[in-house]
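Take a look at the structure set out below.
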Amino acid sequence: MSWREIKKELKLAASSKSQAEQPAPEVDDATLFRQQAQVTKRIHNDTVPPPKPQLKKRQTNSIKDTVNASREAGFYFSDTFEANLPVPLKYVAEGENSYLAKQLRRGDFAPEVLLDLHGFTQLNAKRELAAMLKTCEREQIDCCCIMHGFGEGVLKQRIPHWLVQHPLVRAFHQAPREWGGDAAILVLLKVTV
C-alpha cells in the first residue's frame, strides 16, 4: 500500500466518523406517514357484491319442511270444524285405547318437544302447529306439549279443534300442572317406523 492510499483511507474514516456523530434531522410522525402513504394505491371494490352465505343441506331441508308444513296447515286445519269436546280438554282418536287420555292426564308421557304459542295470531299459530307436527313425524317424537296460554282463550279454543283434524294425533289431554296445567295440552302422536 502506498502512502497516498493510506492518506485517502484515513480521510474517508474521519469523514464517516464525523457524519455518524452528527445527529439526524428530526422528522415528525405526520411527515413519515405522508411519505409512506404516497407509495400506496387506493383499492376500489364498490362493484363487488359480498358473497351469499351458503346454506347447509340440513338448513335447506328444514326450510322446505317448514314451507310444506305451512301448506299442510291449510289442508289439515279448518276453522269451521268444531269438535264436540268435554270441558277438561281430552280426545282419543277412533281405534285407540281410551286409557291414553288418562295416561296423558297423569303425566305418564313426558313431552320431548314444547311449542309455546303465547301471543301468536290464529294464522301463525296454525302454521307453527303444523310445522311442529311435521317435525315430530320426521324426528319420530311421540309426545309433545303445546302451550296456548291463558290469555283471551282464542287459541285455547281453536287448538283442540285443529288437533282433532290431524291424522297423526292419537290423543290429547289438558296438561298436568308440571307441564303447564290449564295453559297447555299434551299431545300423543302416531310414530311410523
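Does A110 meet the test of being touching a residue at least 24 places away in the same chain (Cβ under 8 Å) and either over 21 Å from the mean Cα position of the chain (by Cα) or assigned to a loop (DSSP other than H, G, I, E, B) (or both)?
Details: touching a residue at least 24 places away in the same chain (Cβ under 8 Å): yes; either over 21 Å from the mean Cα position of the chain (by Cα) or assigned to a loop (DSSP other than H, G, I, E, B) (or both): yes.
The answer is yes for A110.
Given the criteria free of Cβ contacts under 8 Å to residues at least 24 places away in the same chain and of a type in the set (V, I, T), does T192 qualify? Walk me through how you get there before you give the answer.
Details: free of Cβ contacts under 8 Å to residues at least 24 places away in the same chain: no; of a type in the set (V, I, T): yes.
Judged against the criteria, T192 is not a match.
Quick grid of which residues meet (1) touching a residue at least 60 places away in the same chain (Cβ under 8 Å); (2) more than 20 Å from K90 (Cβ to Cβ):
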{"position": "E128", "(1), (2)": "no, yes"}
{"position": "T135", "(1), (2)": "yes, yes"}
{"position": "C145", "(1), (2)": "no, no"}
{"position": "F150", "(1), (2)": "no, no"}
{"position": "Q157", "(1), (2)": "no, no"}
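Quick grid of which residues meet (1) modelled with pLDDT of 85 or more; (2) crowded, with 17+ Cβ neighbours inside 10 Å; (3) of a type outside the set (F, W, Y); (4) not in a strand (DSSP E or B):
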residue	(1), (2), (3), (4)
L100	yes, yes, yes, yes
L114	yes, no, yes, no
L129	yes, yes, yes, yes
T135	yes, yes, yes, yes
C145	yes, yes, yes, no
F150	no, no, no, yes
Q157	no, no, yes, yes
H173	yes, yes, yes, no
I185	yes, yes, yes, no
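The values are calculated or read from the model by the stated rules, or taken from the named source; none is laboratory data. Note that the coordinates shown come from a computational prediction; the quantities given were computed from them, not determined experimentally. Every residue, glycine as well, gets a Cβ built from its backbone with ideal geometry; the counts of neighbours run over all protein chains shown.
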